[in-house]
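First the structure, in the form of structure tokens, and then the observations on it.
The values are calculated or read from the model by the stated rules, or taken from the named source; none is laboratory data. As the structure is a computational prediction, the values presented were derived from the model and not from experiment. Here the Cβ positions follow ideal geometry from the backbone for every residue, glycine too, while neighbour counts run over all protein chains shown.
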């Protein structure tokens, strides 16, 4: 069982009204397969806006079914079965790559890169070095216990928060909820 995540081409049709024609034109012209925009909110810190495009071009293979833990989808004889591809956009806020266990969702490393307009950009995230994370006032970034915040890139050679986020996006699509797949570049 597998599926592909890739940028839309001229054959791509708009789905059920959840994507505007303008957004489709944007991702098609820039070669993005994901376009994420939104607001990140934290009490005491404020509201920050972001919009990011990601040119993922990969095949998800050997997928484990998130419903029953089996590989792929079981279709009973003379029957049908439904499957769902779930996109976990929250992966971009994880502090670990290559696992879904023990992750923390992080906000401050993102917010610390924003300008006075409170807009988080890919260029700003590219300035946030993983081995020298900085907080809102430019100080060493620490968690609520005073422990330095550490991002764990696993086997990936990523050095900035933007590179980390870009890598995290690659495996955010799952089969039937939490079913993971092997990711192969196309």
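General remarks:
- Selected residue [touching a strand residue (DSSP E or B) at 6+ places or on another chain (Cβ under 9 Å), under 28 Å from residue 163 (Cα atoms) and modelled with pLDDT under 90] from 54, 3: 3
- Residue 166 being under 15 Å from the mean Cα position of the chain (by Cα) and either without any contact (Cβ under 8 Å) to a residue 40 or more places away in the chain or outside any loop (DSSP other than H, G, I, E, B) (or both): yes
- Residue 82, sole failed condition from (1) surrounded by fewer than 10 Cβ atoms within 10 Å (Cβ to Cβ); (2) under 26 Å from residue 2 (Cα atoms); (3) modelled with pLDDT of 95 or more: (3)
- Of the residues making up the range 101-119, those that are surrounded by 12 or more Cβ atoms within 10 Å (Cβ to Cβ) and either more than 24 Å from residue 37 (Cβ to Cβ) or free of Cβ contacts under 8 Å to residues at least 40 places away in the same chain (or both) are 103, 104, 112.
- Verdict on residue 174 being surrounded by 11 or more Cβ atoms within 10 Å (Cβ to Cβ) and either over 14 Å from the mean Cα position of the chain (by Cα) or part of a loop (DSSP other than H, G, I, E, B) (or both): no
- Checked against (1) in contact (Cβ under 8 Å) with a residue 12 or more places away in the chain; (2) within 29 Å of residue 180 (Cα to Cα); (3) touching a strand residue (DSSP E or B) at 6+ places or on another chain (Cβ under 7 Å), residue 156 meets all criteria but (3).
- Evaluated against (1) surrounded by fewer than 16 Cβ atoms within 10 Å (Cβ to Cβ); (2) more than 30 Å from residue 110 (Cα to Cα); (3) at pLDDT 90 or above, residue 64 falls short on exactly one condition, (1).
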